[in-house]
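For reference, the structure is listed below as structure tokens.
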Amino acid sequence: MKNIGQMMKQAQQVQAKMNEMQMALTHVEMTGASGGGMVCVTLSGKGDCRKVSIDKDLMNPAEGEVLEDLIVAAFADAKGKVEAYVQEEMAKLTGGLNLPAGLKLPF
């Protein structure tokens, strides 16, 4: 019984830290880029789009499809960075717990 009580206490501590991390993620920003930095997309740690920056040289109506592709690529780059950051932070929180492989927290 002592181990169950200890596990419950540890789970409560992890839950409190996860709540803190969720709040902190709203302040984290990751920027992804494409086209050699000509298009940049900045996301919050929760994946909300905060900013899109486009080099003025890409503002040619004839290049609309290229610009669209670059925006999608920059978004994907930023999203990958956010996911890596969240995984890293979760690993810090759950380092002592033996969670099942593939369990995606906090989402």
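Worth a mention:
- Förster radius 22 Å - calculated FRET efficiency between GLU29 and GLU63, Cβ distance, rounded to 0.05: 0.20
- Top of GLY80, GLY47, GLY64 by mean-square fluctuation, Gaussian network on the chain, Cα under 10 Å: GLY64
- Gaussian network model of the chain, Cα within-10 Å springs - most flexible of GLU89, GLU63, GLU29: GLU63
- The chain: relative contact order in percent, alpha carbon pairs under 8 Å with at least 6 residues between: 27 percent
- Residue among VAL28, VAL41, VAL82 with the largest mean-square fluctuation in a Gaussian network model of the chain, springs linking Cα atoms under 10 Å: VAL28
- Cα-based values for region 2-94, radius of gyration first and Dmax second, are 18.8, 70 Å.
- Label-to-label distance for LYS92 and GLN13 is 1.6 nm, based on points extended 7 Å past Cα in the beta-carbon direction.
- Exposed-loop-free span, longest in the chain, where trypsin sites (Lys or Arg not before Pro) count as exposed if DSSP calls them loop and at most 14 other C-beta atoms lie within 10 Å: 47-103
- For the chain, the number of Lys pairs separated by eight or more positions or lying on different chains, with C-alpha atoms closer than 27 Å, is 24.
- Full extension of the chain between VAL52 and TYR85 gives 9.9 nm of extra length, using 0.36 nm per residue less the Cα-Cα distance.
Just so you know, all these numbers are worked out from the coordinates, no wet-lab data involved. Given the structure is predicted, the values throughout are model-derived calculations rather than measurements. A quick note on method: Cβ atoms are made from the backbone with ideal geometry, for glycine too, and the neighbour counts reach across all protein chains shown.
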